[in-house]
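Note sheet for the following structure.
The values are calculated or read from the model by the stated rules, or taken from the named source; none is laboratory data. The model shown is predicted, which means the values in this text are computed figures rather than measured ones. Here Cβ is always computed from backbone atoms with ideal geometry, including for glycine, and neighbour counts include all displayed protein chains.
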Amino acid sequence: MATATADPKRRALGKGLESLLPSRPAVVPQINATAVESNGKPLEIPIDHIERNPFQTRTRFDDAKLAELAASIAATGVVQPILVRPLDMPGRYQLIAGERRWLASRRVGKSTIPAIVRQVSDEQTLEITIVENLQRADLNPMEQARAFQRLSQQFQLTQEQMATRTGKDRASVANFLRLLRLPDTVQHKVESGELSFGHARALLALDSAEVMASAAQKVIALSLSVRQTETYVQGLIDPEVKQKKADKPKQELDPNVREAADRLRRNLGLKVQIEDKKGKGRVIIEYSGLEDFDAILTALGGDAEK
């Protein structure tokens with residue numbers, strides 16, 4: 001597969017799938033006498049002439065939702081064409097976008113499927129696949145994190161560029177990438193839905209993979225909410241402070257200050273303290289790496305470039 005470089009002349013991703021596709025129509029291999037030059041209009045292509053996309057970043061498909069889509073296709077057909085590219089073998093194609101529609105059509109026994117054919121490179125196929133998936137709402141958090149990682153590593157894109165191309169804000173991109181710091185066991189829990197994105201972000205404030213894994217087990221066992229998880233994590237981070245608070249009369253913190261600290265913890269997934277005395281004090285934000293620091297700058301309106 002071709003590897004992208006930092007050459008400024010290389011085609012940029014653009015803000016949508018159309019910007020990734022060649023503007024000139026391409027001649028596609030004939031599958032029968034009615035096959036014509038690709039001009040943006042869908043062709044009816046035999047389903048068994050289409051191969052799966054090897055660059056697919058999605059690893060899980062909800063079987064119930066796939067069954068619903070299959071039932072809809074059986075009743076009304078495929079409303080939106082899939083996107084394919086021609087292979088070297090005559091009459092054979094490779095899927096670029098629309099895998100769920102392709103799988104659902106196969107499930108209900110469709111012999112053909114409407115498809116738009118484009119002549120694109122391996123590199124463009126990978127870009128289109130990643131962006132198309134990230135623009136969907138049903139990827140699990142780990143799939144999104146790994147997709148952003150591929151854009152960063154294989155195409156040398158900054159977090160700001162990834163945010164622009166996928167329509168997400170930069171803080172979200174940074175937060176998804178930080179999920180890759182979780183140990184594999186916890187990542188699997190996030191993938192399976194046992195832990196939410198909010199739970200995962202709270203666990204990232206812990207120092208080691210072992211502590212994260214242990215805390216994740218307890219969160220699942222006790223069915224803790226995200227807010228309860230944040231409180232539990234803060235107790236693990238500051239056990240002495242927690243004990244001191246338990247041993248002496250609690251000093252009431254201004255509700256607005258407490259809410260501000262909680263909001264910062266939730267947004268950053270980091271340890272945050274606000275010390276306030278009659279309207280004066282300091283905000284303490286602890287970070288353990290460049291990604292954390294970048295997230296802080298982004299939240300504060302800074303411009304951290306990686």
Residues of the stretch 252-281 satisfying the condition of being within 21 Å of D292 (Cα to Cα) and among the aliphatic types (A, V, I, L, M): A260, A261, L264, L268, L270, V272, I274
Closer than 17 Å to I128 by Cα, surrounded by fewer than 12 Cβ atoms within 10 Å (Cβ to Cβ) and at pLDDT 50 or above: which single residue out of G77, G40 fits that description? G40
Being closer than 15 Å to H49 by Cα and surrounded by 13 or more Cβ atoms within 10 Å (Cβ to Cβ) is the filter here, so list the residues in the stretch 102-120 that pass it. W102, L103, S105, R106, K110, T112, I113, P114, A115, I116, V117
Give the residue, chosen from E127, E143, that is surrounded by fewer than 23 Cβ atoms within 10 Å (Cβ to Cβ) and of a type in the set (D, E, K, R). E143
Hits in the stretch 138-187 (condition: within 20 Å of A209 (Cβ to Cβ) and of a type in the set (D, E, K, R)): R146, R178, R181, D184
Okay, strands (runs of 3 or more DSSP E) sitting entirely in the stretch 62-149 with 3 or more residues that are in contact with a Pro (Cβ under 7 Å, 6 or more places away or on another chain), β-branched (V, I, T) and in contact (Cβ under 8 Å) with a residue 24 or more places away in the chain, I get 112-117
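Conditions tested, residue by residue: (1) over 20 Å from N133 (Cβ atoms); (2) at pLDDT 95 or above; (3) touching an Asp or Glu at 6+ places or on another chain (Cβ under 7 Å); (4) not in a helix (DSSP H, G or I).
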{"position": "L157", "(1), (2), (3), (4)": "no, no, no, yes"}
{"position": "Q161", "(1), (2), (3), (4)": "no, no, no, no"}
{"position": "S172", "(1), (2), (3), (4)": "no, no, no, no"}
{"position": "N175", "(1), (2), (3), (4)": "no, no, no, no"}
{"position": "V186", "(1), (2), (3), (4)": "yes, yes, no, no"}
{"position": "S223", "(1), (2), (3), (4)": "yes, no, no, yes"}
{"position": "Q228", "(1), (2), (3), (4)": "yes, no, no, no"}
{"position": "Q234", "(1), (2), (3), (4)": "yes, no, no, no"}
{"position": "Q243", "(1), (2), (3), (4)": "yes, no, no, no"}
Suppose we filter L157, L182, L206 for residues that are within 22 Å of S225 (Cα to Cα), assigned by TED's automatic domain parsing to the domain that holds Y232, under 18 Å from the mean Cα position of the chain (by Cα) and of a type outside the set (K, R); which single one remains? L182
